[in-house]
Amino acid sequence: MNELVKQQWLIPFLPLVAAAVQALLPRTARKLSAGICLTAMGASCVLALRAFVGTLGHHEAERAVWNFVWFDYGTTRLELGFILDPMTAAMALMVAFVGFWIFVNATGYMSDDENFTRFFCFLSLFAAAMLGLVVANNLLMLFMCWELVGLCSYLLIGFWHFKPSAAAAMKKAFITTRIGDVGFFLGILLLSWQAGTLNLYDGGNGALEQAGALAGIPGWFGWSMATTIAMLLFIGAMGKSAQFPLHVWLPDAMEGPTPVSALIHAATMVAAGVFMVGRMFALFAADTSGLALNIVMWVGCFTALFSATIAVAQFDIKRVLAYSTCSQLGFMMMALGAGGLAPGQFHLLTHAFFKALLFLGSGCVIIGTHHEQDMRKMGGLRKYMPVTFGCYLIGMLALAGVPPFAGFWSKDEVLLVAFQRNKLAWGLATFAAFLTAFYMTRQMFMVFAGKWRGHHEPHEVPWNMWLPIAVLSVFAVGLGFFGAQYGHYLGAHGEDPHGKWIVMGLSVAVGAAGILLGWIVYGRRTMEHADEPDPLAVKLGALFTCLNRKWYVDEFYDATIIRATMLLGELWRAFDKLVIDGILHGIAWMAWGVSQVVRWVGDEFFINGGFDAGCESVRLSGREFAKFQAGRIQGYLRILCLGTVILLVIWYLK
């Protein structure tokens, strides 16, 4: 591992070089751009696999680190570093592997786009940023990659910036995540100040290796310093991983091309927050009061249930999956807050595969239906798109938690650790799992069952779009069987079996109940026409409207925070105009008045007046004396005689 860690820099470096090269390519070099992008990502995947294999067989979460000096300034030495441990190896392999197949799918999805080369340049940069974040052993390097991930999301969500909805979504995502990043940055500064280093692990002197000591130092609001820093870091995770109340950007992120949605919602951006909490878990666990982990657990639990209720009433095929992502991220956070590092991280991995499968599958549906996204205008696609249907069904069953698919094993581990920590949180999460099974069944029947309700006959997508979802389907089926081994791989000390069979039995029961209810509402009688009212809307009435409008959270933000911000901006503008500008204008007018007084009194009257008077006297005297220079001899003789007489008179008087 000590030798492998020194090669970790190559994993993010290759996509970064690919992005730089593609930035210089002309628009017409489409095949070359795609080839460079796929080659770099494939090579990173091979390197990540090599690192993953190198960590197998190591126990107690062994890690290797490589720190090096970036530059010195004054007495301060700034370092960067890379880490190789089981969590890093598994996460890097997931990002590289899933990202590679998303890139393959994108070659088909974006084949007709005129900015094909620019799109793949952004994709490569996005992958490089996320991989750099994963392998970083230094908070500064992690934060730089963290912000670069945010920049790439801004560029890709708004890739079709000529659409007003995409332009609004890109700004919403950027601003919302920046709010969380303020807390994250403050946490980094505070940790650096207290620990004296930005390296996470450094031979016993790293920031995380001092977590126990930080728990004994007073922090803010009566908390310990470990709690204070953990809470600030979690604010950043709330923004990146779309936890309530900073969740509002993620559903709108679907405005970008569907491969971007798959990359953001599955393998990269939203995974960053959960991964960061897992990476900094030692700091959260050092809090003896348990406050930090409790807040993480309850925020995750509420987000899981809240987002699941909204997904039930959406009509856009991608928006259902977007709110599903928010909900599943809540499950992961809840597991971490309940103390389940291995269950939370394992659900992150399995979710990446089946959610990438579902988003790419939705992209296949969109292309196959001539860019239709409203599920009410679909139907009967099982006949027209059999490959997409089969793969999508596997993803749906994995997300719904049906055994033996991957989502069942990882979700049950999450529910088990919640059951052992807090029964109320477990109950709410179990209900969220029921809603998950229901809304995914609803989507399957609306999209694939019944008869086609659109205008143009759909068709199956080309191989470079369905092959990635076929590959991901294999992992959506089989990855869950490695759940127990993953806990040992991370160094987890034995699984507490308390309540295991109760949780598993109820999980299967609520999943089956959700699917059954979905079949009762949407399967027994499928929609015949696109304008036919939704069966659930008929039954729920105003509640369905409330769910469809996302509990009016966006409207609430518009009426409160955004309006207050705009009002505050107007007040500051008025203050600037009336007070600041008034003072500046008063000073300017005063200076102008003084200058006028000085000009008229000092310059014009005394200086110019005296000077002009002197000049005038000289001019007049010169004119008079010029009369004596007329060039006449008689005149000169008269002057000479007059002068002689005057001199004689003066001499005589003396």
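The values are calculated or read from the model by the stated rules, or taken from the named source; none is laboratory data. Since we're looking at a predicted model, the values are computed, not measured. Every residue, glycine as well, gets a Cβ built from its backbone with ideal geometry; the counts of neighbours run over all protein chains shown. To get the accessible areas, we keep the full protein, side chains included, count just its heavy atoms, and leave off ligands, DNA and RNA. Shrake-Rupley method; radii C 1.70, N 1.55, O 1.52, S 1.80 Å.
General remarks:
- Of the helices (runs of 4 or more DSSP H) lying entirely inside the range 196-258, those containing at least 1 residues that are within 22 Å of HIS347 (Cα to Cα) and of a type in the set (Val, Ile, Thr) span 225-240.
- Residue match in the range 280-290 (condition: open to solvent by less than 10 Å² (accessible area, probe 1.4 Å), in a helix (DSSP H, G or I) and under 20 Å from THR228 (Cβ atoms)): yes
- GLY427 among the small types (Gly, Ala, Ser) and over 29 Å from GLN373 (Cα atoms): yes
- Single match in LEU360, LEU393, LEU321, LEU336 (criterion: more than 24 Å from PHE302 (Cβ to Cβ), touching a residue at least 60 places away in the same chain (Cβ under 8 Å) and either touching a Gly at 6+ places or on another chain (Cβ under 8 Å) or assigned to a helix (DSSP H, G or I) (or both)): LEU360
- In the range 1-44, the residues that are under 25 Å from the mean Cα position of the chain (by Cα), surrounded by 22 or more Cβ atoms within 10 Å (Cβ to Cβ), in a helix (DSSP H, G or I) and not hydroxyl-bearing (Ser, Thr, Tyr): ILE11, PRO12, LEU14, PRO15, ALA18, ALA19, GLN22, ALA34, CYS37, ALA40, MET41
- Residue list for the range 47-57, filter: loosely packed, with under 14 Cβ neighbours inside 10 Å and at pLDDT 85 or above: VAL53
- Within the range 143-171, the set of residues being more than 19 Å from ALA271 (Cα to Cα) and assigned to a helix (DSSP H, G or I) comprises PRO164, SER165, ALA166, ALA167, ALA168, ALA169, LYS171.
- Qualifying residue in the range 58-81 (condition: modelled with pLDDT of 90 or more and touching a Pro at 6+ places or on another chain (Cβ under 9 Å)): no
- Residue ranges of helices (runs of 4 or more DSSP H) in the range 418-536 with at least 1 members open to solvent by less than 40 Å² (accessible area, probe 1.4 Å) and modelled with pLDDT of 90 or more: 423-448, 463-478, 500-518
- On inspection, THR107 does not qualify as modelled with pLDDT under 95, among the β-branched types (Val, Ile, Thr), under 16 Å from ILE264 (Cβ atoms) and in a helix (DSSP H, G or I).
- PHE68 falls short on exactly one of the conditions (1) surrounded by 15 or more Cβ atoms within 10 Å (Cβ to Cβ); (2) over 28 Å from LEU357 (Cβ atoms), and that condition is (1).
- Look at (1) open to solvent by less than 10 Å² (accessible area, probe 1.4 Å); (2) within 30 Å of ALA530 (Cα to Cα); (3) in contact with a helix residue (DSSP H, G or I) (Cβ under 6 Å, 6 or more places away or on another chain) and you find that LEU305 fails only one, number (1).
- Residue pairs whose Cβ atoms lie under 6 Å apart, sitting 6 or more positions apart in sequence or on different chains, and linking a residue in the range 235-250 that is small (Gly, Ala, Ser) to a partner that is surrounded by fewer than 24 Cβ atoms within 10 Å (Cβ to Cβ) and part of a loop (DSSP other than H, G, I, E, B), are GLY239/LEU246.
- Residue list for the range 537-568, filter: acidic (Asp, Glu) and open to solvent by less than 70 Å² (accessible area, probe 1.4 Å): ASP554, GLU555
- Filter result for ALA342 (open to solvent by 10 Å² or more (accessible area, probe 1.4 Å) and part of a helix (DSSP H, G or I)): yes
- Scan of the range 25-66 for residues that are within 30 Å of GLY203 (Cβ to Cβ) and of a type outside the set (A, V, I, L, M, F, W, C), ordered by number: SER44, ARG50, GLY54, THR55, GLY57, HIS58, HIS59, GLU60, GLU62, ARG63
Each row is one residue, and each column tells you yes or no for (1) open to solvent by less than 10 Å² (accessible area, probe 1.4 Å); (2) modelled with pLDDT under 90; (3) out of contact with any helix residue (DSSP H, G or I) (no Cβ under 7 Å at 6 or more places or on another chain); (4) over 26 Å from PRO533 (Cα atoms).
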site: LEU349; (1), (2), (3), (4): no, no, no, yes
site: ILE366; (1), (2), (3), (4): yes, no, no, no
site: LEU381; (1), (2), (3), (4): yes, no, no, no
site: THR388; (1), (2), (3), (4): yes, no, no, yes
